[in-house]
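Note sheet for the following structure.
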Amino acid sequence: MLRALLALLFLLPAQAGRVAVFGDWGADTPGRAQVAALLRNAHGTQPLLALLTVGDNFYPRGRVVERFLQDLPTLPLYPAFGNHDAPALSEQLRRFGLAKPYYRLRLGAVEFFFLYTEASLREQRAWLQEALATSSAPWRVVVLHRPLYSSGLHGGSPVLRSLLEPLLSQAAVPLVLTGHDHHYERLRVGSTTHLVLGGGGAPLYPIRAPLPFTQSLAVAHHALFLEATDTTLEGHVLDPEGRVLDRFLLRRGSP
């Protein structure tokens, strides 16, 4: 009885829906190793439910490197796929047990909708529209590699903005997670918060002048820790030293 109670208490933080998100990470660099250590330490301190990526999982051409995966905490990993993953997409899909590079995933109070930004965007938009409409989750979060908005060298994608922005607004999607540009950024466009999470380990990029929508910006390796209840979605971003780069809190139903 005591053992069962202790096990339940140990699992409570994970059941609250705490996940870590990182991107542009799968390179043989000190930055990757430092972010992996950050994730292991965070999981050891307060257990995570899962790991999510925003793409560019393996450089330079997407071939799976098991050593990089073994550096991460032993948790389910749910990836988005980026431009560097595209040449070996089939291999990655097999490795992660996925039929397609776009899919939906319910974790606690959040349903995540993963898109693949390198092909079939109109097909995926139709899929996303139906998936959002049928979701019963308190929170719906879209995950993809290329950002709609970014102050980084690549910048935001006009194609993705024209294709997805009306749908995000119509469906009142509160949060979009992206990578591609190798920095951290939080932007608020209408009622949607956009994050650029491209500091998972690959070499960092300089940035341009911040966009008018930018609320937080840092050129540093990092990971996002996201925790949800039925009424709140809270995130904080840490660098490899454990310093807080940013915090935010979204409340369900707030403009």
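The values are calculated or read from the model by the stated rules, or taken from the named source; none is laboratory data. The shown structure was predicted, so the numbers you read here are calculated from the model rather than taken from an experiment. Cβ: placed from backbone, ideal geometry, glycine included. Neighbour counts: every protein chain shown. In case anyone asks, the SASA skips ligands and DNA or RNA and just uses the protein heavy atoms, side chains included. Shrake-Rupley method; radii C 1.70, N 1.55, O 1.52, S 1.80 Å.
Some observations on this one:
- Candidate set from region 236-255 (those that are without any contact (Cβ under 8 Å) to a residue 60 or more places away in the chain and in a strand (DSSP E or B)); member that is least open to solvent (accessible area, probe 1.4 Å): 237
- Within region 67-85, tally of residues that are surrounded by fewer than 19 Cβ atoms within 10 Å (Cβ to Cβ) and either within 18 Å of residue 119 (Cβ to Cβ) or touching a Cys at 6+ places or on another chain (Cβ under 6 Å) (or both): 1
- Test result for residue 231, touching an Asp or Glu at 6+ places or on another chain (Cβ under 7 Å), closer than 25 Å to residue 139 by Cα, surrounded by fewer than 20 Cβ atoms within 10 Å (Cβ to Cβ) and at pLDDT 95 or above: no
- Within region 172-196, the set of residues being assigned to a strand (DSSP E or B) and open to solvent by 10 Å² or more (accessible area, probe 1.4 Å) comprises 186, 188, 189.
- Residue, least open to solvent (accessible area, probe 1.4 Å), within region 202-228, restricted to residues that are among the small types (Gly, Ala, Ser), part of a strand (DSSP E or B) and under 22 Å from residue 57 (Cα atoms): 223
- Only one entry in 148, 132 is over 17 Å from the mean Cα position of the chain (by Cα) and surrounded by 14 or more Cβ atoms within 10 Å (Cβ to Cβ), namely 132.
- Residue count, region 48-66 (criterion: closer than 19 Å to residue 199 by Cα, charged (D, E, K, R) and surrounded by fewer than 19 Cβ atoms within 10 Å (Cβ to Cβ)): 1
- Counting only strands (runs of 3 or more DSSP E) that fall entirely inside region 47-149 and contain at least 3 residues that are not hydrophobic (A, V, I, L, M, F, W, C), the qualifying elements are 103-107.
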